[in-house]
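Below is one structure, written out as structure tokens, with a few remarks after it.
No value in this document is a laboratory result; all are computed from the given coordinates. Keep in mind the model is a prediction, meaning the values are calculated, not measured. Backbone-built Cβ (ideal geometry, glycine too); neighbour counts: all protein chains shown.
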Amino acid sequence: MAVYVIGDVQGCYSRLIQLLEKIQFDQTRDKLWFCGDLVNRGPDSLQTLRFVRSLGDSAVTVLGNHDLHLLEIFHSRQVISESSVLSEILVSPDCAELIEWLQSRPLIHYDDDLKILLVHAGIDADWSISQAMEYAGELEQVLRGGNTDLFFSQMYGDLPDQWSEDLTGIERQRCITNILTRLRFYTADGRLEYQAKGSPRQHASAGLIPWFEKNPRLESPVRIVFGHWSTLKAGIYGRHFAIDSGCVWGHRLIALRIDTTEPRWFDIRCGQSQAHK
């Protein structure tokens, strides 16, 4: 059995299939972990959702910010343009089933045998692994509960910009959501920064610090695999593995095999940008 983590697909279904052919994925034997953002920007979000859902127990998917955006549109009953890459999902006959499946996905996946945590964006510098799991679980309960419309109506926003155990209600939920699905940088005074989207080098003069350089509570030998950050060079940063290489922007789609003694990297070139502007 092989276990692979797949970078942000974002609706690039044909590229995903090419990558799975390259690694000779066998659904009866192997496991795929998806780091979130299955949908949006790329041309085939509907096919991507249907395919990953069809993998059943052979696939693990954590939620990314674009997945939550789709859920927000669904719950707010927005009327979106037919040209939107998400409209095909919202008018599909199996829309309700796909939304229910997506909404039941976790925010974090942790494998204690492999000692690997999967998250879309990152975890807070003050969180231990057990705390990250606990806080993700709080949000998962909200997503699977009966008051999701209220949550999605107040999900967006950059505040609070600092985690505190004293946070309550929607502010607590929003802060957990942002950390797990949007985090890239901290400011020099330790606040969460969500607007900067470039590489660490591009923002060095502003004193911004990549989140994975501020995680003193990461227990050895736990490793974290994350996506979300297409402008960050894919690779190893201490015990952190960045695997979003911007397939939707015409760069690469990555599969990282994590069950071997040394992680093994695979990728395909994605060619021309698949993103809808």
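Tabulated results
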| quantity | calculated |
| --- | --- |
| Subset of the stretch 176-198 [among the polar types (S, T, N, Q) and farther than 13 Å from residue 163 by Cβ] | 181, 187, 195 |
| Residues within the stretch 232-277 that are among the β-branched types (Val, Ile, Thr) and under 16 Å from residue 35 (Cβ atoms), tallied | 5 |
| Count of residues meeting criterion [of a type outside the set (Lys, Arg), assigned to a helix (DSSP H, G or I), surrounded by fewer than 19 Cβ atoms within 10 Å (Cβ to Cβ) and in contact (Cβ under 8 Å) with a residue 24 or more places away in the chain] in the stretch 18-38 | 1 |
| Wholly within the stretch 190-277, strands (runs of 3 or more DSSP E) carrying at least 1 residues that are crowded, with 16+ Cβ neighbours inside 10 Å | 223-226, 240-242, 252-257, 264-269 |
| Close pairs (6 angstrom Cβ cut-off, 6 or more residues apart or separate chains): within 17 Å of residue 255 (Cβ to Cβ) in the stretch 39-68, of a type in the set (Val, Ile, Thr) and part of a loop (DSSP other than H, G, I, E, B) anywhere | 48/9 |
| Residue within the stretch 217-235 that is under 19 Å from residue 62 (Cα atoms) and aromatic (Phe, Trp, Tyr) present | yes |
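Let's see how each residue does on (1) within 17 Å of residue 239 (Cα to Cα); (2) of a type outside the set (A, V, I, L, M, F, W, C):
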| site | (1), (2) |
| --- | --- |
| 159 | no, no |
| 182 | no, yes |
| 191 | no, yes |
| 212 | yes, no |
| 220 | yes, yes |
